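Input: a single structure, listed below in structure tokens.
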Amino acid sequence: MGKLSKFEIILGQELTNLERFIIKSPLGTPEFWSEWQAKTGEIIITKAAIKRAIKSHKERLSEDEIIKLSTMLEAYKEIASYLELLRQTALKIKGIEPVGWDIFDGIEGEGEGEDDLPL
């Protein structure tokens, strides 16, 4: 096997970091909902931590650090979309028409002050 490129190594690291958000339990089972809740909670808490770090320490962070944190927010937003799609699918299987909810931006008060974040 040939030597891995720098890009392949970085991509592998990113995949490894994000694999923890894959829900492995069958849709709609109690185990699924337990995993879904844990992963959704992690997304919400991580989002809050990143936004707080940017807002509270903006003057002490380098431009590269702010870009990295903003990029992380975008990645978590995509994961939140995946989790929401799974939630909607699990509810539809049970015959429940899901109401759209944006996991990432659906918490009251979380949208306040977002205009000043560099995204």
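Remarks
- Tail fraction, Cα-Cα pairs, the range 22-64, threshold 14 Å, whole percent: 60 percent
- Net length gained if the chain between Thr16 and Asp64 were fully extended (0.36 nm per residue, minus Cα distance): 15.0 nm
- Here each label is just a point 7 Å from Cα along the line to Cβ, and for Ala75 and Ser5 those points are 1.9 nm apart.
- Helix runs (DSSP H) in the chain reaching 27 Å along axis by Cα, Kyte-Doolittle at least 1.6: none
- Treating r as the C-beta distance of Ser56 and Tyr82 and R0 as 25 Å, the FRET efficiency rounds to 0.30.
- Residue (of Ala49, Leu11, Met72) at the positive-pole extreme of the chain, dipole from beta-carbon charges: Leu11
- Total lysine pairs whose alpha carbons fall under 13 Å of each other in the chain (8 or more apart, or interchain): 8
- Global form of the chain, assessed from the alpha-carbon gyration tensor, a/c cut-off 1.5: oblate
Each value in this text was obtained by applying a stated rule to the coordinates, not by laboratory testing. This one's a predicted model, so the numbers in the text were calculated from it and none came from an experiment. Methodologically, a virtual Cβ is constructed for each residue, glycine included, from the backbone with ideal geometry; neighbour enumeration extends over all protein chains shown.
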